[in-house]
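Laboratory data are not the source of any read-out in this text; all were calculated from the coordinates shown. Here the structure is a predicted model, which means the values were calculated and not measured. Using ideal geometry, Cβ is built from the backbone for each residue, glycine included, and neighbour counts are taken over all protein chains shown.
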Amino acid sequence: MSHTTLEAELLSLLKSVDTPTVCNAIEVAQRKRGFQGFTRKTVQVADPNLAPVVGFARTARISAVAPPTEAPDVIKKRRMDYYRYMASGAKPTVAVIEDADDPHCIGAFWGEVNTTIHSALGVGGVLTNGVMRDLGDLAPGFQVIAGSVGPSHGFVHVLDLDGPVSVFGLRVLPGDLIHADRHGAVVIPNEVISLLSGAIAKLQASEKVILQPAREPGFTIERFEEVWRAFEAARV
């Protein structure tokens, strides 16, 4: 079962660190290597200067290559159901949208209009393997992490919502806690959420063991061998 709340202090911490740090911190919390809950492909971000996207997943699948085969009233109702769904649930919220046309995605679901709507509904950002457009005109502060950039919306329509999705090789369930930035995304396991603050602090302290000496003048191979032994002893 997914968590439904995120303490403000932890949310602030997660927004201050990048996704690779969270990946490493999860291994620290689990006290082993081999964490697999991360994306496998290169992503594109609308604005690399924005803070990471952090929140509970609201999931859906879309398609745009061909017109929908269902009746127009069914498609229209599902689209409105989609927006109601995105506006509901635990906050902070992240939209996680699987484009079923992958690897031939052509329809930009994410542009000026849709990012503005989602931002107004309280959604903090989106992770999608699909297409984005209107770069420079997206809702301020709303991060789009997508698979590609394109000019058209094609025949984009919502296939279904609130179910499992797969984005860049990462399986996401509704309610999963997501951390995503220009590196990709991770699903933070429920069992480590309460341990993350301490794990991040421990990780940063262990990295400082080698980073601080390496940045000092006169760093030598002998000094490196010394601090590397301390670094290996401190890390997972």
Less than 19 Å apart at the alpha-carbon level, and either on another chain or at least 8 residues along: which aspartates and glutamates does that give for Lys202? Glu9, Asp18, Glu27, Glu191, Glu232
Once amide H atoms are placed 1.01 Å from N in the peptide plane, what residues at a sequence separation of 5 or more from Asp99, or on another chain, have their amide H within under 5 Å of its amide H? Ile62, Asn129, Gly130
Excluding the sites themselves, what is the longest stretch of the chain that contains no trypsin sites (Lys or Arg not before Pro) in a DSSP loop with at most 10 other C-beta atoms within 10 Å? 41-214
Under 5 Å, built H, 5+ apart or other chain: amide partners of Leu170: Arg40
As straight-line cross-link partners of Lys77, the qualifying aspartates and glutamates (C-alpha separation under 12 Å, not fewer than 8 residues apart within one chain) are Asp160
Beyond 23 Å, what share of the Cα-Cα pairs of the chain remains, rounded to the nearest whole percent? 51 percent
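To check you understand DSSP bridge types, tell me what percent of the beta bridges within the chain (both residues inside) are antiparallel, rounded to 5.
Values: 19 of 37 bridges.
Bridges in the chain are about 50 percent antiparallel.
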With contacts defined as alpha carbon pairs under 8 Å and 6 or more residues apart, what's the relative contact order of region 126-236 in percent? 16 percent
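Using unit Cβ charges (K, R positive; D, E negative) and no other charged atoms, how large, in debye to the nearest 20, is the dipole of the chain about its Cα centre? Display every interim value, and only then the final one.
On the way: 23 positive and 26 negative charges, 60 e Å.
That gives the chain a dipole magnitude of about 280 debye.
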